[in-house]
1. First measure r as the distance between the Cβ atoms of Gln187 and Arg129, then evaluate 1/(1 + (r/R0)^6) with R0 = 35 Å and state the FRET efficiency to the nearest 0.05.
2. Per q in 0.09, 0.18 1/Å, what log10 I(q)/I(0) does a Debye calculation on the alpha-carbon atoms of the chain return?
3. Count neighbours as other Cβ atoms within 10 Å of each site's Cβ, and list the trypsin sites (Lys or Arg not before Pro) in region 1-47 that are DSSP loop with at most 15 such neighbours.
4. How many percent of all Cα-Cα pairs in region 89-147 sit more than 18 Å apart?
5. If one puts a single equal scatterer on every Cα of region 156-208 and applies the Debye formula without solvent, what log₁₀ I(q)/I(0) results at q = 0.24, 0.28 Å⁻¹?
6. Could you tally the net charge around Pro61, taking each other residue with its Cβ under 11 Å from the Cβ of Pro61, Lys/Arg +1 and Asp/Glu -1?
7. Rounded to the nearest 10 Å², what accessible area does Glu149 have for a 1.4 Å probe in the complete protein model?
8. Probe radius 1.4 Å, ligands and nucleic acids left out: which of Ser105, Ser144 has the largest accessible area, and how do the rest follow?
Amino acid sequence: AQFGTHALALAYTHPMPGNIYYQHPKVLDWTLAGMEYWTRIQHKDGSFDEFYPNERGWAGPTGFLLYVMCDTYRQLNGNLPTEWKDRFLTAVHKAGLFLSGTDESGVLANHHAMAILPMYEAFLLTQDRKIETAFHQKLDIFFSYCHEEGWCLEYDGADPGYLSATISFMGKLAKHYQDERFGPYFQKWVEFSSYFVYPNGHYAGTAG
């Protein structure tokens with residue numbers, strides 16, 4: 001549920017047409033409250049729960065949330081209350097270390113993409129070389145799940161919906177980190193995805 005904090009931050013910081021929430025102090029209060037609460041529901045090992053108590057999920061709750069919290073921090077230019085800014089950055093560090101030293105059963109390439117994106121975000125904020133090293137290792141593992149045809153392994157084959165998520169995560173990563181493999185694979189992923197667009201413009205759905 002804390003993922004909604006990111007939407008608040010985007011509404012607060014971007015003067016989009018008709019955006020009555022831009023620079024609204026109450027929206028800032030809600031955004032900061034969401035960030036602060038995120039630090040309080042973190043497990044000691046750095047993980048977060050998604051549905052169940054003590055679930056300690058990997059890429060889903062921990063990775064997804066770490067990404068949006070790091071980007072929310074960036075949107076606000078790091079202007080967090082001094083009394084808990086250090087606690088926020090400590091939570092970022094712990095979550096980054098949890099992603100670095102954990103994996104999950106089964107192969108879901110989109111989960112690996114979802115984990116390596118926030119790992120690099122956490123490295124940028126903490127400068128912990130341990131997280132950076134693990135990031136490179138997990139990036140190599142991710143690419144080992146990517147096929148020349150333009151799809152990435154999800155359990156036992158391709159999945160158009162999860163591939164769209166993978167493209168999104170890797171596209172966000174490419175804003176901060178460059179790898180010679182990105183260009184060729186992005187082209188293959190988008191081309192492969194194009195075969196699953198229905199004539200009316202709807203994408204994937206029952207094809208997934």
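1. The formula returns an efficiency of 0.65 here.
2. Taking Cα atoms of the chain as identical point scatterers yields -0.38, -1.26.
3. Taking region 1-47 and a limit of 15 other Cβ atoms within 10 Å, the loop trypsin sites (Lys or Arg not before Pro) found are Lys44.
4. Result: 27 percent of Cα pairs exceed 18 Å.
5. So the normalised log intensities are -0.94, -1.12.
6. -2
7. About 130 Å², ignoring ligands and nucleic acids.
8. Output order, biggest surface exposure first: Ser105, Ser144.
The values are calculated or read from the model by the stated rules, or taken from the named source; none is laboratory data. Just so it is clear, the model here is predicted, and its values are computed rather than measured. Positions of Cβ are backbone-derived with ideal geometry, glycine not excepted, and every protein chain shown enters the neighbour counts. Heads up: the accessible areas ignore ligands, DNA and RNA and are worked out on the full protein's heavy atoms, side chains in. Shrake-Rupley method; radii C 1.70, N 1.55, O 1.52, S 1.80 Å.
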